[in-house]
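Right, one structure below, let's go through it.
The values are calculated or read from the model by the stated rules, or taken from the named source; none is laboratory data. What you are looking at is a predicted structure, and each value in this text was computed from that prediction instead of being measured. Reconstructed Cβ throughout: ideal geometry from the backbone, glycine too, with neighbour counts over all protein chains shown. These area figures cover heavy atoms from the full protein model, side chains too; ligands, DNA and RNA do not enter into them. Shrake-Rupley method; radii C 1.70, N 1.55, O 1.52, S 1.80 Å.
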Amino acid sequence: MIQRRSFLKTSAIVALGGLMPKPKQPHIVVVGAGAFGGWTALFLRRQGARVTLLDAWGPGNSRASSGGETRVIRATYGPRVVYTRMAARALTLWKEHERRWHRQLYHGIGVLWLVESDEQYEKSALPILRDAKVRFEELTGPDVARRFPQINCERVRWAIFENDGGYLTARRACAAVLEGFLAEGGEYRQLAVQPLAPRGGELSDLTLSDGSTLTADRFVFACGPWLGSLFPDVIGDRVRATRQEVFYFGTPPGDRRFTEDTMPVWADHGTTFMYGIPGNEWRGFKVADDTRGPVFDPTGGERAPIEARVCQYEESPDEHFIIDRHPAAANAWLVGGGSGHGFKHGPAVGELVARLVQTDTVPDEQFRLARFAR
Ligand SMILES: Cc1cc2nc3c(=O)[nH]c(=O)nc-3n(C[C@H](O)[C@H](O)[C@H](O)COP(=O)(O)OP(=O)(O)OC[C@H]3O[C@@H](n4cnc5c(N)ncnc54)[C@H](O)[C@@H]3O)c2cc1C
């Protein structure tokens, strides 16, 4: 039997609880609705924060690094354990969100890593892939030639076939993330943030391109190739935009050998690192060179060719991502340096950044700005 005194005490607590104001949710502004910012905003919102997402031109716009049709998703990363694990986590999240949003963003047609002379990268990846439980097959050169007769395998010694690798539809995925974010109660505004230079303590507000001011408790800047121009002193050329060209080749009429029906994504890690995505959605056969191009202006740089596309990498000096607090504003986070491989990791990066921002945790050493000071 409940004692009267204890009953009264309990009811008083319940009544008080009912009257107590709910703890105020922090207001977090995320600048940049690309692969990094969009997913970060979504996960922050899901954790219960009030989130405003800003973008100058929109998610996956034609200037953004996340724009364009497709991006490769693969887990082979040579000796870089962190990205294999991140890619595996990201794949789980991509699949989960496809189901949640009832739309296809991931095409699991496999990724074929062709090994010619130098096999260091692929050899060092094998134990890491096994450890991360990534499904893959090791194929001999003749295996590859039999399985994919449309590929010239003269110089191919062996290959890794990542069964669950494939490609993601890039700008569509960015749009889907925005829609998901809005559906879960996020706010999006298409405005640019003016450059700022925090001087110490905390950042309190931003000036926007319409002349207004936006205040918030915390800020995340995921501005891709623009991160350096927004924070010239802290980032500067630690995120360098490099010009990258992508070509779409027409295939012979009616020929399905170079479309996703019969061909996987491929990466040829020979003297230069070339990769491609077979024809999909009636677009051509995509070929790109991973070699870093010259420095490029992401806002005004010339992108003229038709059915070839000029994009830019946001290259960090060591090709590791940058995920850290602004050194002069403890409540402002800088996220970028995707370095030509960031897109696939979007959901895993977003999940990680949302956790760091909400819990005020120190990020992993390899993502911090301090590494450049050494
Ligand atoms: C040609 C090419 C091929 C690639 N291939 C692959 C691949 O196969 N697989 C893979 O995983 N990755 C790949 N990448 C890399 C990947 O696409 C990028 O690392 C990733 O998309 C970067 O995302 P982000 O959110 O950091 O930047 P972005 O997508 O550039 O997003 C930044 C956003 O910030 C906004 N912004 C900037 N400044 C401001 C401001 N002041 N105010 C408001 N908004 C602002 C921009 O409008 C933009 O939308 C490739 C990149 C390129 C260019």
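Taking 45 Å as R0, compute the FRET efficiency from the Cβ-Cβ separation of SER117 and GLU96 and round it to 0.05.
It comes out at approximately 0.70.
When ligands, DNA and RNA are left out and all protein chains stay put, how many square angstrom of accessible area per residue does the chain have with a 1.4 Å probe?
Spelled out: the 1.4 Å probe surface of the chain, per residue, equals 47 Å².
Could you go through segment 309-322 in sequence order and give the Karplus-derived ³J(HN,Hα) for each residue, using 6.51 cos²θ - 1.76 cosθ + 1.60 with θ = phi - 60°, rounded to whole Hz, and x for Gly and Pro?
With coefficients 6.51, -1.76 and 1.60, one gets 10, 9, 10, 9, 7, 10, 8, 8, x, 10, 6, 8, 5, 10 Hz.
For the residue pair ARG155 and GLU184, what label-to-label distance in nm results when each label sits 7 Å from Cα along the Cα-to-beta-carbon direction?
With each label placed 7 Å out from Cα toward Cβ, I get 4.5 nm.
To test your reading of the geometry: what angle, between 0 and 90 degrees and rounded to tens, separates the Cα axis of helix 120-131 from the longest principal axis of the chain?
On a 0 to 90 degree scale, this one is about 50.
Report the gain in length on full extension from ASP233 to GLU138: 0.36 nm times residue separation, minus Cα-Cα distance, nm rounded to one decimal.
Using 0.36 nm per residue and subtracting the Cα-Cα distance, I get 29.6 nm.
Rank these residues by their accessible area, most exposed first, probe 1.4 Å: GLU98, GLU365.
GLU365, GLU98
Roughly how many nanometres apart are two label points built 7 Å out from the Cα toward the Cβ at ASP289 and ASP255?
2.3 nm
Could you work out how far helix 170-183 tilts from the main Cα principal axis of the chain, as a 0 to 90 degree angle to the nearest 10?
Once rounded, the angle reads 20 degrees.
Cα extents of the chain along the three principal axes, largest first, in whole Å?
Cα extents, longest axis first: 84, 59, 45 Å.
If you consider only alpha-carbon coordinates, what radius of gyration and Dmax does segment 33-155 have, in Å?
Values for segment 33-155 (Cα only, Rg and Dmax): 18.1, 57 Å.
Give the aspartates and glutamates reachable from LYS133 as a straight Cα distance under 15 Å; neighbours fewer than 8 places away on the same chain don't count.
GLU162, ASP164
Can you tell me which of 28-40, 129-141 comes out highest on packing, and rank the rest after it, using the mean Cβ neighbours within 10 Å?
Taking the mean over residues of other Cβ atoms within 10 Å, the ranking is 28-40, 129-141.
From Cα pairs below 8 angstrom and at least 6 apart in sequence, can you work out the relative contact order of the chain, rounded to a whole percent?
Computed value for the chain: 23 percent relative contact order.
Would you tally the net charge around SER204, using a Cβ to Cβ cut-off of less than 13 Å, leaving SER204 out, and scoring K and R as +1, D and E as -1?
Result for the local shell: -1.
Mind giving me the FRET efficiency for PHE247 and ASP210? R0 is 35 Å, r the Cβ-Cβ distance, nearest 0.05 is fine.
With R0 = 35 Å, the Cβ-Cβ based efficiency is 0.35.
Which residue fluctuates most in the GNM of the chain (Cα springs below 10 Å): ARG292, ARG257, ARG99?
Per the Cα network of the chain with a 10 Å cutoff, ARG99 tops the list.
Starting from a Cα-only point model with no solvent, please compute log10 I(q)/I(0) by Debye for segment 317-374 at q = 0.12, 0.23, 0.26, 0.30 1/Å.
-0.26, -0.97, -1.18, -1.40
What angle, in degrees between 0 and 90 and rounded to the nearest 10, separates the Cα long axis of helix 4-19 from the longest principal axis of the Cα atoms of the chain?
60 degrees
To the nearest 10 Å², what's MET274's accessible area with a 1.4 Å probe?
The value for MET274 is about 60 Å².
Distance cut-off 30 Å, Cα to Cα: go down the list LYS24/LYS95; LYS24/LYS344; LYS123/LYS344 and report the pairs above it.
LYS24/LYS95; LYS24/LYS344
Compute log10 of I(q)/I(0) for segment 84-199 with the Debye formula, placing one identical point scatterer on every Cα and leaving out solvent, at q = 0.17, 0.20 Å⁻¹, to two decimals.
Evaluating at q = 0.17, 0.20 Å⁻¹ gives log10 I(q)/I(0) of -0.92, -1.09.
When the helix-only estimate is applied to the chain (DSSP H runs of n ≥ 4, each -39,500 (n - 2.57), divided by the residue count), what is the mean residue ellipticity at 222 nm, nearest 500 deg cm²/dmol?
Calculated at 222 nm, the ellipticity per residue is -8500 deg cm²/dmol.
Provide the net charge surrounding VAL239, with neighbours chosen by a C-beta distance below 9 Å and charges set as Lys +1, Arg +1, Asp -1, Glu -1.
Net charge around VAL239: -1.
Kirkwood hydrodynamic radius, computed over distinct alpha-carbon pairs, for segment 216-308: how many Å, to one decimal?
So the Kirkwood estimate lands at 16.0 Å.
How many percent of the alpha carbon pairs in segment 111-266 exceed a separation of 21 Å?
When every Cα pair of segment 111-266 is considered, 68 percent fall beyond 21 Å.
What distance in nm separates the two pseudo spin-label positions at ASN163 and THR361, each 7 Å out from Cα along the beta-carbon direction?
The answer from the label model is 3.1 nm.
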